[in-house]
Amino acid sequence: MKKLTIVLILLISTYAISTAQVRWEFNYFALEIGMNHTFAGAPDSLQNFVVSTDNGKVPVYPVKNVEYAPGFNLGLQFHHDFNNDKSGIVFGVTYSSYAAASRYSSADKSLELKQINRVTCVGFPVYLKFGHQIYNNQGYFYFGAQFNLNLGMTTSEKLKNNSTKVKHKQDKETYNAFSTPIFAGFNYKLFNMRFSVMPQHFLNKDYQISVGNIDNTQTVTPYGAQPKVLFYISTGFLIPLSQWTTNRSYLLSKIF
């Protein structure tokens, strides 16, 4: 993962150096508002996961399917577009949340539980964009990477046919301090969409807990069987804070 990050940084640096003689024509900030749509698979296995019910504790097991969980994304970007209007480089800062959902059921299928682990983070994306008249059309493709500083994680659990949802904050040992998603996407006018892969899951697969009683104690890794890679799609609006936006809106032109 570190090698891949270094390669990306070197590629971006090489590209910037090779175009250092080209003057910047468009420098502007852009506001990003959107959602993250995460699609996570079920854990390979699970030990000592039980659900407390009125009839006692019932063990549950992973359901082998892909679960969806939403998140949010709010960011500010700085765009450097070259004077050929065909390429540029972007730096930014974001405040985001990502979630990974899993579904479990009892052996007789009478009990079903959905668990969502959600992490919030501050991210620093860097990406290259390219297209035809990327400023005038705000239409381009892009690829890059983002360094995430994970701030905290919560876990929520909800039983099927039960309106009660249990939510609690997790200790910092349960999640990784950093993550580095790699992404590719496209932008058209104000609409933005990208496809991301997080090679290292934000859940700490090495996290251990002790279960059982004094006479019979077991050490387990509750996230050890979680999928290693996390995939998600981001959709939203990218609003240039420049004349491009005000020229297309009479109301905004009066405000700004």
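Here, each number is a calculation from the coordinates, and none is a lab measurement. This structure is a prediction, so every number in the text was calculated from the model and none was measured. All Cβ positions, even for glycine, are placed from backbone atoms using ideal geometry, and neighbour counts span all protein chains on display.
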- Among the residues of region 173-186, is there at least one that is part of a strand (DSSP E or B) and among the hydroxyl-bearing types (Ser, Thr, Tyr)? yes
- Got a sec? Which of 166, 197 is touching an Asp or Glu at 6+ places or on another chain (Cβ under 7 Å) and farther than 30 Å from residue 84 by Cβ? 166
- When you scan region 143-190, how many residues do you find that are among the small types (Gly, Ala, Ser), in contact with a helix residue (DSSP H, G or I) (Cβ under 9 Å, 6 or more places away or on another chain) and farther than 15 Å from residue 116 by Cα? 2
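Is region 174-186 home to any residue that is of a type in the set (Phe, Trp, Tyr), exposed (fewer than 14 other Cβ atoms within 10 Å of the Cβ) and on the phi < 0 side of the Ramachandran plot?
First, pick out the residues of region 174-186 that are of a type in the set (Phe, Trp, Tyr): 175, 178, 183, 186.
Retained after the next criterion (residues that are exposed (fewer than 14 other Cβ atoms within 10 Å of the Cβ)): 178.
Narrowing further to those that are on the phi < 0 side of the Ramachandran plot: 178.
Yes, the conditions are met somewhere in region 174-186.
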- Note on the structure: residue 113 meets each of (1) surrounded by 14 or more Cβ atoms within 10 Å (Cβ to Cβ); (2) in contact (Cβ under 8 Å) with a residue 60 or more places away in the chain; (3) over 30 Å from residue 209 (Cβ atoms) with one exception, condition (3)
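Tell me, yes or no, whether region 125-141 has at least one residue that is under 14 Å from the mean Cα position of the chain (by Cα), part of a strand (DSSP E or B) and either hydrophobic (A, V, I, L, M, F, W, C) or more than 15 Å from residue 88 (Cα to Cα) (or both). Lay out the reasoning, then the answer.
Restricting attention to region 125-141, the residues satisfying the condition of being under 14 Å from the mean Cα position of the chain (by Cα) are 125.
Of the ones still in play, those that are also part of a strand (DSSP E or B) are 125.
Next, only the ones that are either hydrophobic (A, V, I, L, M, F, W, C) or more than 15 Å from residue 88 (Cα to Cα) (or both) stay: none.
The answer is no, given that none of the residues of region 125-141 is under 14 Å from the mean Cα position of the chain (by Cα), part of a strand (DSSP E or B) and either hydrophobic (A, V, I, L, M, F, W, C) or more than 15 Å from residue 88 (Cα to Cα) (or both).
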- Note on the structure: Scanning region 72-108 residue by residue, those touching a residue at least 40 places away in the same chain (Cβ under 8 Å) and loosely packed, with under 15 Cβ neighbours inside 10 Å turn out to be 74, 76, 78, 83, 84, 107
- Residue set 232, 207, 223, 140; condition under 22 Å from residue 63 (Cβ atoms), surrounded by 14 or more Cβ atoms within 10 Å (Cβ to Cβ) and touching a helix residue (DSSP H, G or I) at 6+ places or on another chain (Cβ under 8 Å); output residue 223
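Scan region 147-166 for residues that are part of a strand (DSSP E or B), under 19 Å from residue 59 (Cα atoms) and in contact (Cβ under 8 Å) with a residue 12 or more places away in the chain and report the count. Talk me through it step by step, then tell me what you get.
Of all residues in region 147-166, those part of a strand (DSSP E or B) come to 147-159, 165-166.
Right, trim to under 19 Å from residue 59 (Cα atoms) and you get 155-159, 165-166.
Narrowing the set further to residues that are in contact (Cβ under 8 Å) with a residue 12 or more places away in the chain leaves 155-159.
Residues flagged as part of a strand (DSSP E or B), under 19 Å from residue 59 (Cα atoms) and in contact (Cβ under 8 Å) with a residue 12 or more places away in the chain within region 147-166 amount to 5.
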